[in-house]
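Reviewing the structure listed below.
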Amino acid sequence: MKGALKDLNLNLVEMTDENATLDGGDVLFTGREFFVGLSKRTNQRGAEILADAFKDYAVSTVPVLEGLHLKSFCSMGGPGLIVIGSSEPAQKTLKIMQQMSDHRYDKLTVPDDLAANCIYMNLPNKGHVLLHCTPEQYPESAKVFDKLKDHMLIPVCNKEKVKVDGALTCCSVLINKKANI
């Protein structure tokens, strides 16, 4: 992975502090700021290193009260749109995020926390694209996604990844880089 990222001429920051932990599943970038979930996989020192690497953005930490990490119940569904699960711990975390932020985000609440883990992309010639759970996995949550009329919705089956605590965002590295064509 490191070699591929270097080939793209991206600036890489390595965490060398052995006491720091930072799981990508605990890092939510809204386009304006970062929220870092403090969980079994991410600690305060990891969040501090992220803040040092991205000095132009606010970095706020939020406790992960339940679930593996922050993106187990929360992700971005588009610019300014947070997709959030409906469980009490997910809603408590969202409330903390709203209190910490100077920005106001729209929210899309889905009945199933794991269904909130989705991938938003703004693609040339396609516009707003959202990869989300399938109706077979989470039928009620899929109905909520259907309300996003300005998005190209692509259901993606995640049932095998869930068996090993995986989610859609676990299998992706999104890079905002213009192609050299």
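The values are calculated or read from the model by the stated rules, or taken from the named source; none is laboratory data. No experiment lies behind these values; they were computed from the predicted model shown. Glycine also receives a Cβ, built like all others from the backbone with ideal geometry; neighbour counts cover every protein chain displayed.
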- Query: Only one of these conditions is not met by VAL13: (1) farther than 28 Å from GLN91 by Cα; (2) assigned to a helix (DSSP H, G or I); (3) in contact with a Leu (Cβ under 9 Å, 6 or more places away or on another chain). Which number is it?
  - Reply: (2)
- Message: Going through ALA20, ALA4 one at a time, which residue ends up being among the small types (Gly, Ala, Ser), surrounded by fewer than 18 Cβ atoms within 10 Å (Cβ to Cβ), more than 22 Å from GLY78 (Cα to Cα) and at pLDDT 90 or above?
- Response: ALA20
- MET76 meets each of (1) touching an Asp or Glu at 6+ places or on another chain (Cβ under 7 Å); (2) crowded, with 16+ Cβ neighbours inside 10 Å; (3) under 30 Å from LYS143 (Cα atoms) with one exception, condition (1)
- Task: Assess whether SER60 counts as being small (Gly, Ala, Ser), more than 28 Å from PRO139 (Cβ to Cβ) and part of a strand (DSSP E or B).
- Result: yes
- Taking the stretch 17-37 and keeping only residues that are in a strand (DSSP E or B) and either without any contact (Cβ under 8 Å) to a residue 24 or more places away in the chain or within 15 Å of MET100 (Cα to Cα) (or both), one is left with LEU28, PHE29, GLU33, PHE34, PHE35, VAL36, GLY37
- Task: Scan the stretch 33-51 for residues that are surrounded by fewer than 15 Cβ atoms within 10 Å (Cβ to Cβ) and either touching a Cys at 6+ places or on another chain (Cβ under 6 Å) or at pLDDT below 95 (or both) and jot them down.
- Result: LYS40
